[in-house]
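Below is one structure, written out as structure tokens; the observations come after it.
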Amino acid sequence: MKVSASFLSSKDIPNDLRKLNETDVDYIHVDIMDGKFVSNKTMPFKEMKHIYEYTSKRLDVHLMVENPSAYIPLYAELNTEYISIHVEIMENIMKDLELIKSYSIKCGLAINPDTPVKELVPYLPYIDLILVMSVVPGKGGQSFIPETTQKLEEVRALIDSYSLDIVVNVDGGINQDTKQFCDKADILTAGSYIVGSENFQEKISSLRS
Ligand code: DX5
Ligand code: ZN
């Protein structure tokens, strides 16, 4: 199991990113909020881009925004492995996926707890990752929604039915107790469980085992 660490609820981002850099975490999960798709807003890119200075880990960028096309070129400049956009947005999703690919970055499609899995179907041939939200996006530190287990099973069955090579990432409320409900995922994204702890590596290792 791979682990991606979200620093959304960090109180000291530079310090926490330095600490994460000393762990074996696979990715840094970068949560971007525009105050429109979700009510909270994260810092602007001109500040956010400095995170790059504190980590050499690959970035897993999660755009919780209405217009990803304004953000994709910015985050494509960083050490980015994946950029995920939401399937619920009004912007043309195919155009956004093409824009991500034009930077040779892998594309992800995020799906909210209330959105049916079938909404993903038209985009399956064009994506590398599905980000299954196990909380309503907007803030860190929320509780894992139990129905996510079934959602993960449906997503996995869908991928298998088309024999596609798509990675499944699950995001929100992940900890030592809830990881057992996510065995259909390939990546666990955890925020407060890791950055709210004293020993980051211990928490990361507990998610892998
Ligand atoms: C929720 C974010 C998540 C969140 C994860 O809106 O997309 O990435 O920060 O944090 P925890 O693990 O605290 O739920
Ligand atoms: Zn996220």
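Beta bridges assigned by DSSP with both partners in the chain are antiparallel in approximately 5 percent of cases.
In this Cβ point-charge picture (+1 for Lys and Arg, -1 for Asp and Glu), segment 2-208 has a dipole of about 260 debye about its Cα centre. Projecting the Cα atoms of Val3, Tyr123, Leu17 onto the charge dipole of the chain, computed from C-beta unit charges around the Cα centre, puts Leu17 farthest toward the positive end. The modelled label-to-label distance for the pair Met43/Glu66, using points 7 Å beyond Cα in the direction of Cβ, is 2.5 nm.
Shape verdict for segment 1-80, please, from the Cα gyration tensor: rounded (a/c under 1.5), prolate (a/b greater than b/c) or oblate. Prolate is the answer for segment 1-80, as a/c is 1.5 or above and a/b outweighs b/c. Per the Debye formula on identical point scatterers at the alpha carbon atoms of the chain, with no solvent, log10 I(q)/I(0) at q = 0.08, 0.14 Å⁻¹ is -0.23, -0.77. Seen through its C-alpha gyration tensor, with square-root eigenvalues sorted a ≥ b ≥ c, segment 141-184 comes out prolate because a/c lies at 1.5 or above while a/b is bigger than b/c.
How large a share of the accessible area of segment 112-204, in percent, is made up of carbon and sulfur atoms when the probe is 1.4 Å and the other protein chains stay in place? C and S atoms contribute 46 percent here.
Take segment 30-173 with all the other protein chains still there, run a 1.4 Å probe, and you get 45 Å² of accessible area per residue.
Let's see if you can work this out: charge +1 on each Lys and Arg Cβ, -1 on each Asp and Glu Cβ, no other charges. What is the dipole magnitude of segment 1-87 about its Cα centre, in debye to the nearest 20? Walk me through the numbers before you get to the answer.
Details: 10 positive and 13 negative charges, 25 e Å.
The calculated dipole for segment 1-87 is roughly 120 debye.
Please state the shape class of segment 49-125: rounded when a/c is under 1.5, otherwise prolate if a/b exceeds b/c and oblate if not, all from the C-alpha gyration tensor. Prolate shape, in that a/c is at least 1.5 and a/b is the bigger ratio.
Note on Lys19: aspartates and glutamates with a C-alpha under 14 Å away, same-chain residues under 8 apart excluded, are Glu53, Glu198, Glu202.
The values are calculated or read from the model by the stated rules, or taken from the named source; none is laboratory data. Computed from a predicted structure; not experimentally measured. As a convention, Cβ positions derive from the backbone with ideal geometry for all residues, glycine included, and neighbour counts pool all protein chains shown. Remember, those area values only see protein heavy atoms, side chains included, never the ligands or the DNA or RNA. Shrake-Rupley method; radii C 1.70, N 1.55, O 1.52, S 1.80 Å.
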